[in-house]
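Below you'll find the structure, written out as C-alpha cells, and then a few comments.
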Amino acid sequence: MKKTLLIIIAIMGYNSINAQQIKELKYFYTDSNKYNPSSINLTRIYYKDINNYFTPFLGQWKYTNGNKTFIVTLWKETKNPTFYGYDEPIFYCDLIFGHYTMYQDYGLPTQLILYTSQTNIGLSSDTWDTIISGKVVKQNELSGMINDIHSTPLNPTQYPQGLKGYLSMTINPSTSTATWHIGNTGALFGTNEPRNFTIPTDIVLTKI
C-alpha cells in the first residue's frame, strides 16, 4: 500500500512539473517572464493560434512583374518548442514558416528558377527548414522575420544567413491580396556582410 501511494505521488508530481497552460497567441508579446529559466520545470505555456488567424495566410502567394514571378509558400508549425539555450523547452508557440522562389516565365515551357530559398545553407550540404518565421496575433496581419539568403554582396562563407529583415504581410480579404513589406533591422553591418535585399520588399501578393 505504501509503495502504491509513493507511485501515485510520483505520477502526480511528474504531471504537475510537466503541466501545460494554453494561452491565446497575443499574450506572447505581453508575458514578460516567458524566457525566465525558472519556468522550465514549472508550467510550460503554449501560445496557440486559438482563433485560427493563421489560416488565411497558409498556401501560396504570387507577384508578377514582366516575365518574373515571385512565389511565397507559407505553412503552419504547431506547438513549436523554444529552448533558449536550455535542454528543455521553456515554452511552445504556433508559428508561420515559409520559403520563396523567383521564376522567369512562370508556368510556361521556358520556366526557369532564378533563385530560391529552398537550397543549401551557405556552402554546406544542409538545407533551410524555413527562411520565414512569423506570428498572426491580429486578424489578417502577419509580422515576423525573413532571411534574404540571396542578398548582396553575397557572402555564403561568412554570412550564409544573408540579410535579415522585418516582415509584415497584411491581407485584404475582399480581394484575396496581401501587401508585403520587408524593412531593414537597422543592425550594424560587418565587413563584407550582405546589406542589400534581392527579394521584393514592397509588393502586393495574390493568393493562388
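General observations
- The single condition among (1) in a loop (DSSP other than H, G, I, E, B); (2) open to solvent by less than 40 Å² (accessible area, probe 1.4 Å); (3) within 22 Å of Asn147 (Cβ to Cβ); (4) not hydrophobic (A, V, I, L, M, F, W, C) that Tyr84 does not meet is (2).
- Flag for Thr198 being over 17 Å from the mean Cα position of the chain (by Cα) and surrounded by 15 or more Cβ atoms within 10 Å (Cβ to Cβ): yes
- Just one residue in the set Tyr63, Tyr27, Tyr53 is part of a strand (DSSP E or B) and not hydrophobic (A, V, I, L, M, F, W, C); that residue is Tyr63.
- One residue alone among Tyr106, Tyr92, Tyr63 is hydroxyl-bearing (Ser, Thr, Tyr), open to solvent by 10 Å² or more (accessible area, probe 1.4 Å) and under 24 Å from Phe28 (Cβ atoms), and that residue is Tyr92.
- Selection of the stretch 116-152 for residues being in contact with a Lys or Arg (Cβ under 8 Å, 6 or more places away or on another chain) and outside any strand (DSSP E or B) yields only Ser151.
- Qualifying residues in the stretch 130-148 (those that are open to solvent by 20 Å² or more (accessible area, probe 1.4 Å) and more than 8 Å from the chain's Cα centre (by Cα)) - the one farthest from Ile171 (Cα to Cα): Asn147
- Residue list for the stretch 176-205, filter: in contact with a strand residue (DSSP E or B) (Cβ under 7 Å, 6 or more places away or on another chain) and among the hydroxyl-bearing types (Ser, Thr, Tyr): Ser176, Thr177, Thr179, Thr185, Thr198, Thr201
The values are calculated or read from the model by the stated rules, or taken from the named source; none is laboratory data. In this text the structure is predicted, and so the values were computed from the model without any measurement. With ideal geometry, Cβ positions are generated from the backbone for all residues, glycine too; neighbour counts draw on all protein chains shown. Calculation scope for accessible area: heavy atoms of the full protein, side chains included, ligands and nucleic acids excluded. Shrake-Rupley method; radii C 1.70, N 1.55, O 1.52, S 1.80 Å.
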